[in-house]
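Heads up: the structure comes next, in structure tokens.
The values are calculated or read from the model by the stated rules, or taken from the named source; none is laboratory data. Just so it is clear, the model here is predicted, and its values are computed rather than measured. Here Cβ is always computed from backbone atoms with ideal geometry, including for glycine, and neighbour counts include all displayed protein chains. Each accessible area value is taken on the protein alone, full model and side chains, heavy atoms only, with ligands, DNA and RNA left out. Shrake-Rupley method; radii C 1.70, N 1.55, O 1.52, S 1.80 Å.
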Amino acid sequence: GEILVTSIERDGTMQGYDLALIETWVRAVNIPVIASGGAGSYQHMVEAVKQAGASAVAAASMFHFTEQTPAGAKAALAAAGVPVRKAFIADAGG
């Protein structure tokens, strides 16, 4: 399994993840931790993984209310040395 850790205080603020909260959970459990709540930039995502130790990140507001995209997030994470999954592309031919 894995656990999704959301900072309710930061959710939707685009001020950055609560890195201390994420790090606390990363140290407390032996399963992957997904950071959620507060992402406003690609750099915030990099910080959640590289500084706080999250295994993955989740975001919504930054994609809805800015020009940032999931593809841009993947590119920024990869450029920072964070492994990212390749996009799934369905076979249009069936």
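Quick notes
- When region 47-75 is filtered for residues that are more than 13 Å from residue 18 (Cα to Cα), of a type in the set (A, V, I, L, M, F, W, C) and open to solvent by less than 30 Å² (accessible area, probe 1.4 Å), the ones remaining, listed by number, are 62, 73.
- Within region 1-40, considering residues that are out of contact with any Gly (no Cβ under 8 Å at 6 or more places or on another chain) and among the polar types (S, T, N, Q), the one surrounded by the fewest Cβ atoms within 10 Å (Cβ to Cβ): 30
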